[in-house]
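Rule-based calculations on the coordinates, nothing more; no lab input. The structure presented is a predicted model; accordingly, all values stated were derived computationally and were not measured. Cβ: placed from backbone, ideal geometry, glycine included. Neighbour counts: every protein chain shown.
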Amino acid sequence: MRFDTPYAMTIGGRRVDGGRTFGVRNPATAEIFAEAPDCELAQLDEAVEVARAARSAWRDTSWEQRCRLVRQFASLILDNLDPLKQLLTAEQGKPHGDAEGELRRAVEWLQETATLQLPHIVNAESPTRRSFTRHTPVGVVGAISPWNFPVALSMWKVAPALVAGNTVVLKPSPFTPLTVLRIGELAQEILPAGVLNVISGGDALGPPMTAHPGIDKISFTGSTETGRRVMASAAPTLKRLTLELGGNDAAIVMPDVPVADIAERVFWSAFRNAGQVCIAAKRLYVHADVYDEMAEALSDLARGARVGDGAQPGVQIGPVQNHQQHSRIVDLLEDAKAGGGRFLAGGEALRSPGYFIAPTLVDNPPEDARVVAEEQFGPVLPLIKVSSANDAVERANRSIFGLGASIWTRDLALAQSMAERLEAGSVWINEPPSTSPLAAFGGHKQSGVGVENGLLGLMEYANTQTVVTNELA
Ligand code: NAD
């Protein structure tokens, strides 16, 4: 595939320009480096129409054949890894190694989801009467993804939607549309026209998608605030919904840990992808007995981390992805400072035209400081002293969010009992937060509705149908 053509949407298997274009910035320089098509409403209608028209042939394609095509699509992404990686770094900011990692994850998601099967459940069986429940496709899936992992999180939706026999209209974030647009073009070499359509536009494109009567399900990943709007907008047509929303995950460090051994893993739990990870550790609760040792080890790591343009070799932490998010984080840091907060490392934006923030550790701020109570979604981590496991769990649960949590301790029985009490969709014990295409992932409380990944995630892309059959005498 050529990477020097203008960026285009894919509608019904064709390259389509928008009515206008909008600029996409490289967050390491803050400069616009490419133009993306801005989808007109009539083009959204057209994308939905072709997706509806492609439904029956795709649904009638055998499960095995759909999985084969999804795996071929994955291989095509692998074949184009290098140009896609460079493009992803340019628009998202993450270091090249992480961009490659994200693309490989997207490939893994497509491949692994294509090994799953939906169950066929026999409810009753007698010589003359049989009842079974099977799964049928939902129809057209509207997939909306955020800017932190634009490719991987788009494929979290595309993979199960296609495997289960749905057609898709995918809209990446306006901050990071380019790599997903290219992948949409690539897919046309494998998938029948209309099965995967990719459109791009500003935030104004989301609401008509979520309200569109031709879309049967919305799968959305983004902030809790937008998630509420999506839910309201989908209500009049009672769309199926999967919402993967914000998080303010706690990581808990108990006093029996070997600090030197775990510090690096704890550090990257918070600072990978410049902290712009939904399941990043965003509040670190450290037992008082090891607080000072942990604070020192993490401060050394923060000061030693290489921050810079992700396209430069050796860079570990790239810029924050966009100006709005950068301003939000600077605001949180100023609020922490004004409240008397002390920084163990960082504490300010770097002098640069790009959106860089020094990796920041905040020393034991009060629980109601904004930097603790709000999702930072950037390279900032507050360390908070706790007195016991109960104290840590109680503080961790004091949040409207419930996405993930992690626990570090040698006492696995204690960790299990803490996990049971943590109000979070995933709990990791002695490892940094991670996800798998085979394990259900979703948020408790206001971190989401429904799950993605694994069999339970796949089931969200299907209706159930119970069929009861009787023999006539
Ligand atoms: P966002 O909510 O601003 O945007 C997400 C997507 O929604 C974008 O494509 C955007 O264009 C679109 N959108 C905006 N307004 C819309 C509307 N009214 N209707 C429909 N769509 C609309 O989120 P973001 O800033 O791109 O992403 C960061 C947030 O995403 C963080 O809160 C993070 O925790 C969350 N996130 C969650 C998960 C998860 O799996 N739970 C994963 C990654 C990110």
One computes Rg over Rh for the stretch 337-473 from alpha-carbon atoms, with the Kirkwood Rh, and obtains 1.15
Here the tail fraction of P(r) beyond 13 Å, over all Cα-Cα pairs of the stretch 424-473, rounds in percent to 68 percent
Partner aspartates and glutamates whose C-alpha sits under 15 Å from that of residue 239, ignoring same-chain residues fewer than 8 away, are 216, 460
Over all pairs of different Cα atoms in the stretch 41-170, the reciprocal of the mean inverse distance gives a Kirkwood radius in Å of 16.5 Å
Quick calc, the stretch 288-385, dipole around Cα centre from Cβ unit charges on Lys, Arg (+) and Asp, Glu (-), nearest 20 debye, gives 400 debye
Which of 282/445; 337/385; 157/282; 171/337; 94/157 exceed 28 Å between C-alpha atoms? The answer is 171/337
For the stretch 233-363, the charge dipole (Cβ of Lys, Arg +1; Cβ of Asp, Glu -1; about the Cα centre) points to a positive end, and the Cα of 279, 327, 313 closest to that extreme belongs to 327
Taking alpha-carbon centroids only, the stretch 21-77 lies from the stretch 180-255 a number of Å equal to 12 Å
Answer in debye to the nearest 20: the dipole magnitude of the stretch 348-473 about its Cα centre, from +1 Lys/Arg and -1 Asp/Glu charges placed on Cβ, is 240 debye
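Only Lys, Arg, Asp and Glu count, each charged at its Cβ (+1, +1, -1, -1), so figure out the dipole size of the chain about its Cα centre, rounded to 20 debye. Before the final figure, lay out the partial values.
On the way: 43 positive and 54 negative charges, 234 e Å.
Here the chain has a charge dipole of around 1120 debye.
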Given backbone amide H placed at 1.01 Å from N, residues whose amide H is under 5 Å from that of residue 344, ignoring those fewer than 5 places away on the same chain, are 361, 362, 363
Long-range alpha-carbon pairs in the stretch 19-99, meaning those over 17 Å apart, account in percent for 68 percent
Percent of all Cα-Cα pairs per 10 Å bin for the chain, counting from 0 up to the last occupied bin, reads 4, 20, 29, 25, 15, 6, 1, 0, 0
Here the stretch 436-447 yields Karplus 3J(HN,Hα) values (6.51, -1.76, 1.60; θ = phi - 60°; whole Hz; Gly and Pro given as x) of 9, x, 9, 10, 4, 9, x, x, 8, 6, 8, 8
Rounded to the nearest Å, the spacing of the alpha-carbon centers of the stretch 282-329 and the stretch 351-381 is 9 Å
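Among DSSP beta bridges lying fully in the chain, give the percent that are antiparallel, nearest 5. Could you put the intermediate results ahead of the total?
Values: 33 of 72 bridges.
Beta bridges within the chain, antiparallel portion: roughly 45 percent.
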